[in-house]
Each structure stands twice: as C-alpha cells, then as structure tokens.
1. In square angstrom, what is the accessible area per residue of the chain with a 1.4 angstrom probe?
2. Quick one: pull the percent of accessible area on the chain belonging to carbon and sulfur, 1.4 Å probe, ligands and nucleic acids left out.
3. Enumerate by residue number the trypsin sites (Lys or Arg not before Pro) in the stretch 230-315 meeting two conditions: DSSP loop (anything except H, G, I, E, B), and at most 15 other Cβ atoms within 10 Å of the site's Cβ.
4. Can you classify the stretch 1-145 as rounded, prolate or oblate using the Cα gyration tensor, where a ≥ b ≥ c are the square roots of its eigenvalues, rounded means a/c under 1.5, and otherwise it's prolate if a/b beats b/c and oblate if not?
5. For the chain, what is the percent of antiparallel DSSP beta bridges, rounded to the nearest 5?
6. Using DSSP, restrict attention to beta bridges with both residues in the stretch 28-175 and report what percent are antiparallel, rounded to the nearest 5.
7. Shape call for the stretch 13-89 from the C-alpha gyration tensor, a ≥ b ≥ c root eigenvalues: rounded (a/c under 1.5), prolate (a/b greater than b/c) or oblate?
8. Given the peptides 22-30, 56-64, arrange them by the average over their residues of other C-beta atoms within 10 Å, most packed first.
Amino acid sequence: MELLKLHHDFISYHKENGTPFIIFQGGRRSGKTVSILQFLYLESLTHPCTRTLLVTDTYTRLKESIFQDLIMINRSAGGDSRRMRIHFSGGARVLFETGSDFAFVYAGRDVRGYASNFQYIFFNECIQYDARTVREVLKAAGPGCQVFFDYNPYTRFWVNDLYETADNKLITTYHDNPFLSDFVRRELDRTAAAGKDAAPGTLERYLYEVECRGIDSTLSGLCFPRHKAVPDEEYHTSPLMEVLACDWGALHATADPDVICGFRFTDDAIYCHEYYYSREGGDAEMAACLASIPFRRQYLVYDTATEGAGRVRSLFARTGLRFHFSPARKGAGSILTGIRNLQPYELRITASSRHFLEEMENYRFIQKNDTLQPVDDWNHCSDALRYAFDLWSMLPTQRKKC
C-alpha cells in the first residue's frame, strides 16, 4: 500500500504526542482524505477492537467517495472481503477481521443516544458542517480520542477558530501527491497557470488559491463556476425523475421574484429548467404554470418563507395536482453547506432559462467582515436548486425513478 509520507509523518507525530485535534487543509487532489483513511484502516488492523466514527454530509459522498477509497485501500494492501467487510443493513458499517469497526453518521442528523467511546472520529469535508453539529458528535468520543478534520478551504472558518493550535494543521497541495495521474496533474497545472497572475477578485485567481495552493482565499469567485447552457430538449426528453422547487419573493411586494424551477439529477450533473420567474405575478399565474407541466408524480419542494405553506395550499386548490409537497429545510449554515454540496456537479441549464443563466453569472462570493460569503442577490434559482438537491439526496433509490 503506497502511503503519502508527508501526511503519515504528520499523523504519527501527533499520535505519539496525543494531540486531540488534527487538521488537514489543502487543495484539490492533495491526498488528505485517502491518507487519513489509510491511517484509520491500519489502526483497525494492528489494534484489535478499534472503534472509529466517520462523519460525512450525505449518503452519496459516503457511497461514492469514502467507501470507494476504503475498497481501494484494502485491495492495495492485499486484503479481501474477509479482512474488511462493508455492511449496509442496520446502518452503514465497516467490519474488520480484528474486531475493529467503522461507524458512520451524517452531519446535521440528531446523534443523541449514538454509540460512544470511539478512539477516532473523522469529519470528512468538515467545511460542510456547523460548529454545533460537531460539538454534538464529539460527545461520542472516548478517553484519548483523536479527531481528524479535512477540508478544501475557501476562507477561514470555525474549525480554525475552535480547534486549530500552533502546529496541529497541515496544509498540502497536489504537488505533495506523487500518485496523481498525469491527466489530473495537467488539469491542475492549467488551473494554476491561468490563475497565478490573474487579477485579484477574478474566478481564475480564486481557483488558483483555493484548489491549487490550498490556502484561505480572500478573493471573490462564482458560487457555481461549473455551469453551461444546453438545448431545452435535453431536459424535457430526459427519463430522469424531476424535482420541482419554489422560491417565494413577491407575495408581500418584496423586490425578489417568485421562482419555480425543475431539476433532474445524475451522478455528476444536474439538469435545470426555469418554469416561472416573475416579480409581478401571483398564485393564479403560478398555478397555471404548474398545471402546464406534465404530471409524473413529481416532488415539489416549497420555500417556507413568506407564508410558504399557505401559498402551497392555494396552488394546490387551484391545480388539484397531487405533487409530493415537501417544505424546504433551512437553518444556520445551510446556504454555505448547500453551495459546497452542489459545487462538484456541472449545472446544465436549459437555454430558455435566461434568468437562471443570468443569476449563475452573477451569484458569487464576496468578502464580508474578513470572510467570504455568498452575495445576498442573484440567488433565487440557486435557492430553489439547494432545496431540490437536499430533498433528492435524502430520497431512497427506488423513489428516484419516474
């Protein structure tokens, strides 16, 4: 099994010194997550009955990232299904032949009553979570527990303020990972070349600092840089399940529009279509829009602001459509978390969705009180997108089919 020496020397030093919190900050493809998982895998084999808790934001990330990395690690170490077994029944778990195990919990879920006395806790992509969530999970720590955080930075945040000390953070870049494929290295080299001398405040400079150098950026950049226009037919002829989402604005004569958008999801892309966008319409106009959409048992996620439930009852009374109505989940940190969850996906927006495309060209991070925050404007379609993605990520597989 090939190890990243820089990472493992850092972990070994802090393991010997009993450092309670170990922080890995770095650019894309710097090997942070794999190195931590390798260490936890080896600890589980060499120290019987080791108990580890891994925290991730979504089941998709657990299945398509964490599990795949563990399978790769086990295979490269010459292990088989007897050495390490992944179980899904009764909650996802990884069991080792030594009696060690990995348990998993999703950030933001209620973890009271969860099993405790873990020797290790790993918060993967911890920038996705709020400090309260982390404090709740840390109640499961046993005596001498060591806690790992890893993340790609975009600004300094609560982990730095609460858990960082003088020497417990390692910053790495893709240059520190000798095992990268030539293709990935060339891609990141191009990003670095384009951004190294770019003007402050540009997307190119932002991506260079965050993804290539792995440092806290004080620059603005688009919240969703990976978007493009596609023909409307790609959306309307797709067999993928559709989730509709609303973002209210105009009910009490605010300056914001009412928005209804549709979304279809794949493993690496999200197809988006703007059905309704108006500052001067009303319930009757939106009901007519919903009635014109081919009805296929869609879910409709509604904004809970501006008497959102009442608006949904009004729309239902006017249309009679039996959508699966669901309120949007909101809370402290939900906007930043939603943006980070969506950034790995390419947004394929129908060419007729002119307001959606315009918002994507203007919805960006700005520097505010020495931190990067998304601008409170040009965000109505993206709010609908966050609501829809949050619901879709929680649906069981069988319900994601038309």
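1. Working: 18530 Å² over 402 residues.
Result: 46 Å² per residue.
2. 50
3. Numbers: sites: 264, 279, 296, 297, 311, 313; in loops: 279, 296, 297.
Those satisfying the criteria are 279, 296, 297.
4. rounded
5. Bridges in the chain are about 40 percent antiparallel.
6. Percentage antiparallel, nearest 5: 30.
7. Here the stretch 13-89 falls in the oblate category.
8. Descending packing order for the listed peptides: 22-30, 56-64.
The values are calculated or read from the model by the stated rules, or taken from the named source; none is laboratory data. Only a predicted model underlies this, so the values are computations on that prediction, with no experimental measurement involved. Please note: Cβ atoms are built from the backbone with ideal geometry, for glycine as well, and neighbour counts cover all protein chains shown. For the accessible areas, the whole protein counts, side chains as well, though only heavy atoms, and no ligand, DNA or RNA atoms are used. Shrake-Rupley method; radii C 1.70, N 1.55, O 1.52, S 1.80 Å.
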